[in-house]
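First comes the structure, then the notes that go with it.
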Amino acid sequence: MAIALKQNPEDFYNAGNLYIPDDRDINNAKSTLIDTLSIRYPDIEKDFDPMYDTFEANNQGFDKILEENDMGFDDEENTFKVTTKKTQIVLYQDNFTDTPVVARPDAYTKVVQFPDNFIWGTATAAHQVESDNTNNDWYKWEELGRIKDDHSNLTGPDHWNNYEKDFDIAKNQLGTNAYRMSLEWSKIEPSPDEYDQDVIAHYHAMLDALIERNIKPVVSLQHFSLPLWIHDPTPDPSNDNKPKNPGWNDNSQNPYIVERIVTYTEKMAEEFGSKVDWWITINEPLVMYANGYLVGDFPPGVGYKNEPGALKLGFPMGHHETIKENLQDAHKSKAYGLKAGIQASKIIFPNIIRAHIRMYDAIKEKDTVDIDGDGQSSMISISKHHVVFRPTGREEVNWSAYQQMQFLWNEMIWDAIIYGQLDSDLDQHYNEDLTKTYNFPKVDYIGFNYYARRDIVPVKDISGMMGVDPQEFDFFQGFPVDTSATGGMSDLLLGNNYNCLGWEIYPQGMFNIIKFYSEEYGSYTDTNGNTKNLPIMITENGTDNDIDRPGFVVDMIEKMGEAIHHGYHVIGYLHWSLMDNFEWERGYGQHFGLVKVNFDYENKQVNREVTEAGHVYADIIKNKGIVKAVKDKYGTIDRPTNIRDDQSVCSSNQDEDPPEGIVENWSSTLDTNLGTVTWSLVKTDTGINASGEGSYFVNAMNMNLTASFPFKEIPATVSGENVSFEASGTAEIKEMPAMTSKYVFQFDSGEGTYKIIVESDQWKSTLGTDTLSGKLDSTLVSGGGITGGDSNHWEARLDSTKGKVSWDVSKTDDAASVSGEGTCSIKALGAQNTIFFSFNDIPATFTDTGMSFTATGTAGIEGMPMESPYILELNSTENTYSISGVDSTWTMVLEEPYPIQGVVSMGPVLEPSKPVQKGDGSPLIQNEEINGLTVIMKKNGTFSIYNAMMGLILKSKGDFLTNGGVMWRNAEIKPMLPLAGTVQGGFLGHEKFSVASETESPWITGIKAVDLRYLAQGDGISVTIANADNLGQAQITVAKHSLPNVLKITIKVPENANHVSCSFASDSDERFYGFGSPTWTTQHRGSSIPIWVTEQLLGRVTEQEPSNFMELKGHPYDNQIPIPFFMSSKGYGILLDTTYRSLFEMCTDNHPDSWRLETWHNETSFTFFRVMILLIC
């Protein structure tokens, strides 16, 4: 049964479950199976694991069946339910009757399908997973202190000694049929021409293990790391502090690295050619160059991060603090600056290309064995990191910078190794015809890696962001920057999903790249005049955290499937990575694995756990495609509301150990929409500390900017439910990391106030003040036990992490009783086990430090058929606990002192609320084209309308104190005159109504987009917006009109509301004209205009409420023919479409930077026009 869940999620669907089984499902299934079997088979080993182990089930009416049946267990009837299906190992009782397979409902139809022979795999690299490499440039880099947090490859997942276990997971739990690995050159050839036969034998064993499992080896010959005798990044004082050995940056006539890597390739092809058909010569050569010579993170550390201005930047834009501490003076010299790195490209690029060409020929010569029987003894490529680039503007400088980087990064190498045309001086013109020396192409398939989209920012702009002199960029016209940074320049540049590294998750890029390669390089004519086609394999694709990864896998594979459907020849997909590993300069800070590994940074790790994304990938492989149920749950292309909030894993290092002690996780908003603070309280024996990160949103320098202020382990004062603390440190502008300031952050949840004081004069000028202050609202997200206040729910921690007891308190005037449950970890029978117990209506005593009571009852040991009486004593005065009173069978199996005693900490718990978390300002959908206009709908429910010629036209804006662009309320409306009629019409024409105040009936605001639907034929979008408590939802529909450049916008709120409002941003120079005639003025900025037929009477007065006999004089906007239409000087018009009383507030005193529409109904609608205003003088 556990195997069925793990191996074949499709069967889990057939049983009626509409979700992928998670770890809890699988562990429960394993426990049920073990418990059931142990009753009939007492000889089962105590560490028996049904995921891996087998046994001879030959009694009690059971037989061992392989590859035949699946089974489920019915707890109520205590019987097995058997379904004919293929799995690894299942059991059935011979007197059971097989039940038919459940028919597949529509939810399990395939929305994307792949060929039967498709290559599904994972990828790793030797230095990242083997955990024992000490003879290459990367280990020297570790010794030089150039890895974040001083991490080392030596404390990684130890794949070198656990490859069989890892290959079992790859085959049995993921279902893959290919595995990309690299050979560690420095280990195979520790010194020139000296080959380590033991290492070679070990790699033979690894390849044999793959072949035995029918997993195709895909072998990389060089994956970033180089032997020290080829490349030693240590600065050499005797040679102007240049690296001791230059590696690829060798400008000699016959570069040493090229000769040596070709010799090494010949040896490897000859040695392993009988077991390997699929080869990769060099992995991501331009990433190796860019990070080593443009950025400065990879050895030898040349790049902009060493520039004087950039040395002030924080990580990741600048060096990490631990790297700054270890940075040698040599790396701060011009020899390691950006210009030096850019000039090195003219040496390194040609060396890499010439090396690959000769490595290709060497493999073809030495590998003559066709392992897989496809008629090819070797299939060879380079693994090229492809980036989807985008210009940041329409000007020539933007386009020119984009074209240059597109050529240098995405085209130049392929032009050279497929067509033999080399641009050795990188001026975008070919100057060497390599076909005169070699036959081409020098690849058998196109292998590319894809991770993110980036923008090319012209030098004039990027130099300021980096704090680097523009002259240092040499011949580069621009520089690639993550869209998470450039998004501050314009909403049009924002992505709708980013991982923890700030990389944009952009699935459409997968399709675009495949299309690009298929059309540019897929069909070619070789040097013999033959027309051929190059297949495509995605050799790496992944993201850096477990929260984003399930959706990432579904979206990227869906787009790959779409490309295949279009006829493009894609043959395989290798996900990066099989397991969490050493992620180069970031150490263990990012987790790319389908299999999770928990690192402690001091020892090698053998723990493995398949993640949710691993199960999703396994399901896709099993079904040879994506079924509808999986797409509906995880896919974000058509359902962007499936995008998960990864803030919990991105706000701090993923690899950090959880804090010891009692923990509460909180989220606070600053003036609702001006900022957020994500923070935690930790209570230990030494006190209570607060740690977290705040963000404050500002618009300055025509950009949307985010000021970030982190704080860690700040002493906090807790009084009941209220928390206060004062943090200080260094804040930065995320979009401009060079812009930093010292700050003081004062936080008080009891008063509901905050204050941020900045020190930098530049910040003061940008913000217009040195102090930001206002109201805050805080929500407990998870945890408890620190800020309980008067809560009747309590928790106690036993020795911080050994166990937990939780209970509810019932109080009377003179007594209290408690009911609850608890767990405690114990060591018994050679393993860690968990005691569980419960208690009801136990008398308790309140003390100055908590509560004391003695509970009795029956306890059990999880996973073992053992029960015993118990006595639990909690003493808050002494801060101690004791578990005793168990029977002799328990004391015999315990392997620790008895009674079980220790230190207890306790407190009332404020139950975490589960409100809707406010959506951020990133797009829900990007650049949706509707009727000639571009619509950007954001996750906070606001939207913008753009035009290609005019740029931004209309941008909805939340009220200052409420966020979201849509509000509603149910406010009582009473006519003030007997014949006033209704809000849809009356009798007099001067009808007056009294409306409940906003205090009596407050506005409810939509703050997060929770659903998105596309209208038929691409005619628009409909978005559902939830309010904070999710008790009410609004719907915004933006639809195509029959006229070009016209949109119909409809806003519908809950039926119990009778007011709906929406607001839109307005620049100070915007003017508004219209609203019918006669009106008080032709320009209406600063006015409130009711859309309501009223008697104009005998003239106008300036006051809104004139005092005159029988009101014979009219109000400023009394109008017998009010026309609900206005035109803006910004080039748009709005025509209201409703029969209900409405009001336009055009940048009035209470919101001078926005205009607002209010309708006295639960629905309003208006038409948006793009108009051209001609001024004739």
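Return yes or no: is residue 735 modelled with pLDDT of 85 or more and either farther than 30 Å from residue 487 by Cα or not aromatic (Phe, Trp, Tyr) (or both)? Considered against the rule, which asks whether it is modelled with pLDDT of 85 or more and either farther than 30 Å from residue 487 by Cα or not aromatic (Phe, Trp, Tyr) (or both), residue 735 comes out as no. Among the candidates 430, 438, the residue that is in contact with a strand residue (DSSP E or B) (Cβ under 7 Å, 6 or more places away or on another chain) and among the aromatic types (Phe, Trp, Tyr) is uniquely 430. Selection of strands (runs of 3 or more DSSP E) fully inside region 954-1063 by the criterion of at least 1 residues being aromatic (Phe, Trp, Tyr) and modelled with pLDDT of 90 or more returns 966-969. Residue count for region 178-202, restricted to those that are surrounded by fewer than 18 Cβ atoms within 10 Å (Cβ to Cβ) and not hydrophobic (A, V, I, L, M, F, W, C): 10.
Summed over region 520-569, the residues that are touching a residue at least 24 places away in the same chain (Cβ under 8 Å) and among the polar types (S, T, N, Q) give a count of 7.
You will find that of 778, 825, 765, the residue that is farther than 30 Å from residue 685 by Cα, of a type in the set (S, T, N, Q), at pLDDT 80 or above and not in a loop (DSSP other than H, G, I, E, B) is 765 and no other. Residue pairs whose Cβ atoms lie under 7 Å apart, sitting 6 or more positions apart in sequence or on different chains, and linking a residue in region 763-785 that is closer than 17 Å to residue 725 by Cα to a partner that is of a type in the set (Phe, Trp, Tyr) and part of a strand (DSSP E or B), are 772/696; 773/754; 774/754; 776/754; 778/666; 779/666; 780/666. Residues being of a type in the set (Asp, Glu), over 16 Å from residue 234 (Cα atoms), in contact (Cβ under 8 Å) with a residue 40 or more places away in the chain and assigned by TED's automatic domain parsing to the domain that holds residue 235 are represented in region 325-334 by at least one member.
Okay, residues lined up against (1) assigned to a loop (DSSP other than H, G, I, E, B); (2) over 22 Å from the mean Cα position of the chain (by Cα); (3) of a type outside the set (A, V, I, L, M, F, W, C); (4) surrounded by fewer than 21 Cβ atoms within 10 Å (Cβ to Cβ):
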site: 475; (1), (2), (3), (4): yes, yes, no, yes
site: 501; (1), (2), (3), (4): yes, no, no, yes
site: 511; (1), (2), (3), (4): no, no, no, yes
site: 515; (1), (2), (3), (4): no, yes, yes, yes
site: 546; (1), (2), (3), (4): yes, no, yes, no
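Across region 600-651, the number of residues qualifying as more than 18 Å from the chain's Cα centre (by Cα) and closer than 28 Å to residue 149 by Cα comes to 11. Being at pLDDT 95 or above and in a helix (DSSP H, G or I) is a condition met by no residue of region 368-383. Of the numbered criteria (1) at pLDDT 90 or above; (2) surrounded by fewer than 19 Cβ atoms within 10 Å (Cβ to Cβ), the one residue 660 fails is (1). Among the residues of region 774-781, are any within 30 Å of residue 878 (Cα to Cα) and touching a strand residue (DSSP E or B) at 6+ places or on another chain (Cβ under 7 Å)? Checked region 774-781: at least one residue is within 30 Å of residue 878 (Cα to Cα) and touching a strand residue (DSSP E or B) at 6+ places or on another chain (Cβ under 7 Å).
Per-residue answers, yes or no, for (1) within 28 Å of residue 374 (Cβ to Cβ); (2) touching a helix residue (DSSP H, G or I) at 6+ places or on another chain (Cβ under 7 Å):
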position	(1), (2)
182	yes, yes
211	yes, no
225	no, yes
228	no, yes
231	no, yes
253	no, no
266	yes, yes
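Conditions (1) modelled with pLDDT of 95 or more; (2) assigned to a strand (DSSP E or B), marked per residue:
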residue: 262; (1), (2): yes, no
residue: 266; (1), (2): yes, no
residue: 275; (1), (2): yes, no
residue: 280; (1), (2): yes, yes
residue: 286; (1), (2): yes, no
residue: 294; (1), (2): yes, no
residue: 299; (1), (2): yes, no
residue: 311; (1), (2): no, no
residue: 314; (1), (2): no, no
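When the residues of region 452-489 are filtered to those that are in contact with an Asp or Glu (Cβ under 9 Å, 6 or more places away or on another chain) and among the charged types (D, E, K, R), the one that is farthest from residue 706 (Cα to Cα) is 472.
Is it true that residue 381 is closer than 23 Å to residue 284 by Cβ and in contact with an Asp or Glu (Cβ under 7 Å, 6 or more places away or on another chain)?
On the way: closer than 23 Å to residue 284 by Cβ: yes; in contact with an Asp or Glu (Cβ under 7 Å, 6 or more places away or on another chain): yes.
Considered against the rule, which asks whether it is closer than 23 Å to residue 284 by Cβ and in contact with an Asp or Glu (Cβ under 7 Å, 6 or more places away or on another chain), residue 381 comes out as yes.
The condition of being in contact with a Phe, Trp or Tyr (Cβ under 6 Å, 6 or more places away or on another chain), farther than 30 Å from residue 360 by Cβ and at pLDDT 95 or above holds for residue 459. Note on region 242-264: residues that are among the aromatic types (Phe, Trp, Tyr) and surrounded by fewer than 19 Cβ atoms within 10 Å (Cβ to Cβ) total 1.
Scanning region 342-378 for residues that are touching a Leu at 6+ places or on another chain (Cβ under 9 Å) and more than 20 Å from residue 283 (Cβ to Cβ) yields 342, 346. In region 1086-1133, what count of residues is obtained for those that are assigned to a loop (DSSP other than H, G, I, E, B), buried (at least 19 other Cβ atoms within 10 Å of the Cβ) and at pLDDT 70 or above? Final tally of qualifying residues: 5. A count restricted to region 316-332 and to residues that are over 10 Å from residue 585 (Cβ atoms), out of contact with any strand residue (DSSP E or B) (no Cβ under 6 Å at 6 or more places or on another chain) and part of a helix (DSSP H, G or I) stands at 8.
The values are calculated or read from the model by the stated rules, or taken from the named source; none is laboratory data. Quick caveat, the model's predicted, so the values are computed rather than measured. Cβ coordinates were reconstructed from backbone atoms using ideal geometry, including for glycine residues, and neighbour counts include every protein chain displayed.
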